[in-house]
Amino acid sequence: MKKKIAIVKGDGIGPEVINEGIKILETIEQYSDYKFNFIEAPMGGNVWKKFGDSLPESSFEIMKQSDAILFGAVGLPDIPQGVAEKAILRVRQDLDLYVNLRPVKLYPSLHDMCPLKTEIVEEGIDISIFRENTESVYAQIGGIVNQESAINSMVYTRKGVSRIIEYAFNFVKKNKLEELISVDKANILTVSQFWRQIFQEIGSNYAQIKQINYYVDAFCQWLIRDPSSIRTVVTENMFGDIVSDEAAYLVGSLGMGASGNINPHGVSMYEPIHGSAPDIAGQEIANPIGTILSIKMMFEESFQDVKMGKFIDKAVEDSLRSNRTSDIYSKYAQNNVNIKRVNCKEMGDAIVKRLEILLKN
Ligand code: IPM
Ligand code: MG
């Protein structure tokens, strides 16, 4: 199986974590029928400094013509606000990556990293957040009015709302889960009432799935009160942005978070959620697991290879038992002689080693 993968290393810790991701892909190449063709597509702050454009047309072409995009991070402290963000938004919009899937999973060996009390998370955390990724305030409609006020419009279309809700329902059905939680602000926003109406309409085709409507403010509380009882969530773009950051923190570190910007009928982009973290860039201490779990999603979503996804997940889980990067090196880890503090490369190596064993068998 030949796959063309566009590689966006980007800024800050982007290149460091992507290098570890490439090691995982090369390992898979060695022990399976996959053949990868990696093509670099420069994007972000460093590119903007050189060419005055954070997403050169040539890079966008490479992305468009690939089978999947692996994205590190973009953003630098010394570039104007919005420059790097604009590049990400353009890719999401122009490739119509309307599903932003953000899984949040607490690995058993990382329970000590969860900021919540042990009794709250005894049953673990395993949440899939489906964030609409093209509309709402991210449509960027608005502006400053006479220097006296500023407006951003929250834009929802029937097409945009329907397709993300449908995708989330399908996920629940496919994975034989019981319920879908829709997060909105229907007590205030007309757009949310529109969303809720469409959720109900589509939901009538999924009568066997329990359907729950929740206001976003109350949902933020539920998320820290009882995260084990939440499995699948669908929400609009900005609420998804906010609740997914809150949820990501529950599993210990942003460094663990993976995401997929998915076009179910086209090219999709996979990215760790941690961002460029310029304060630790170049030190080789970043956690590559967010990237490696994004690659897991690439196999599941773009290559329809759930089995390979499971191997990657298992390799990560096994490696975490005895290896931790500094973002997850807790007091508990310090006091445990079996847990080593490792750098970015060493974490990547540990996962490669486990993956080799799993793929050989
Ligand atoms: C995210 C980020 C982006 C967003 C920014 C960088 C544009 O916060 O992916 O969650 O707001 O969507
Ligand atoms: Mg965000």
State which residue is surrounded by the fewest Cβ atoms within 10 Å (Cβ to Cβ) when the search covers only region 46-86 and only residues that are out of contact with any strand residue (DSSP E or B) (no Cβ under 9 Å at 6 or more places or on another chain) and of a type in the set (A, V, I, L, M, F, W, C).
Phe51
Can you pull out the residues in region 248-264 that are surrounded by 23 or more Cβ atoms within 10 Å (Cβ to Cβ) and within 13 Å of ligand 1 (Cβ to nearest atom)?
Ala248, Gly257, Ala258, Ser259, Gly260, Asn261
Every residue from region 193-214 that is over 14 Å from Arg158 (Cβ atoms) and part of a helix (DSSP H, G or I)
Gly203
Which of (1) without any contact (Cβ under 8 Å) to a residue 12 or more places away in the chain; (2) under 28 Å from Asp305 (Cβ atoms) does Asn37 not meet, given it meets every other one?
(1)
Please state which of the following conditions Pro264 fails to meet, knowing it meets all the rest: (1) within 15 Å of ligand 2 (Cβ to nearest atom); (2) outside the structural domain of Lys185 (by TED's automatic domain parsing).
(1)
Residues that are away from ligand 2 (no atom under 16 Å from the Cβ), among the aromatic types (Phe, Trp, Tyr) and either in a helix (DSSP H, G or I) or under 30 Å from Glu135 (Cα atoms) (or both): does region 93-105 have at least one?
yes
Condition test on Val161, is it buried (at least 17 other Cβ atoms within 10 Å of the Cβ), modelled with pLDDT of 95 or more and part of a helix (DSSP H, G or I)?
yes
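For region 265-288: of the residues being in contact with a helix residue (DSSP H, G or I) (Cβ under 7 Å, 6 or more places away or on another chain), away from ligand 1 (no atom under 13 Å from the Cβ) and of a type outside the set (Asp, Glu), which is nearest to Ile164 (Cα to Cα)? Even if it seems obvious, please write down each step before you answer.
As a first pass, look at region 265-288 and keep what is in contact with a helix residue (DSSP H, G or I) (Cβ under 7 Å, 6 or more places away or on another chain): 267-274, 276, 284-288.
Subsequent filtering for residues that are away from ligand 1 (no atom under 13 Å from the Cβ) retains 267-268, 284-288.
Subsequent filtering for residues that are of a type outside the set (Asp, Glu) retains 267-268, 285-288.
Values: Val267: 17, Ser268: 15, Ile285: 36, Ala286: 32, Asn287: 30, Pro288: 29 Å.
Checking each candidate, the answer is Ser268.
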Can you find a residue in region 313-323 that is of a type in the set (S, T, N, Q) and within 16 Å of the chain's Cα centre (by Cα)?
no
Is at least one residue of region 328-344 in the same structural domain as Gly12 (by TED's automatic domain parsing), more than 18 Å from Asp126 (Cβ to Cβ), touching a Pro at 6+ places or on another chain (Cβ under 6 Å) and in contact (Cβ under 8 Å) with a residue 40 or more places away in the chain?
yes
Any residue in region 241-259 that is near ligand 2 (Cβ under 9 Å from one of its atoms) sitting within a Cβ distance under 6 Å of a residue that is among the charged types (D, E, K, R)? List the pairs, counting only those 6 or more apart or interchain.
Ser244/Arg102
Could you list, in sequence order, the residues of region 272-283 that are within 11 Å of ligand 2 (Cβ to nearest atom) and at negative phi?
Ile273, His274
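The values are calculated or read from the model by the stated rules, or taken from the named source; none is laboratory data. For clarity, every value in this text was computed on a predicted model and none was experimentally measured. Here the Cβ is made from the backbone with ideal geometry for all residues, glycine too, and neighbour counts use every protein chain on show.
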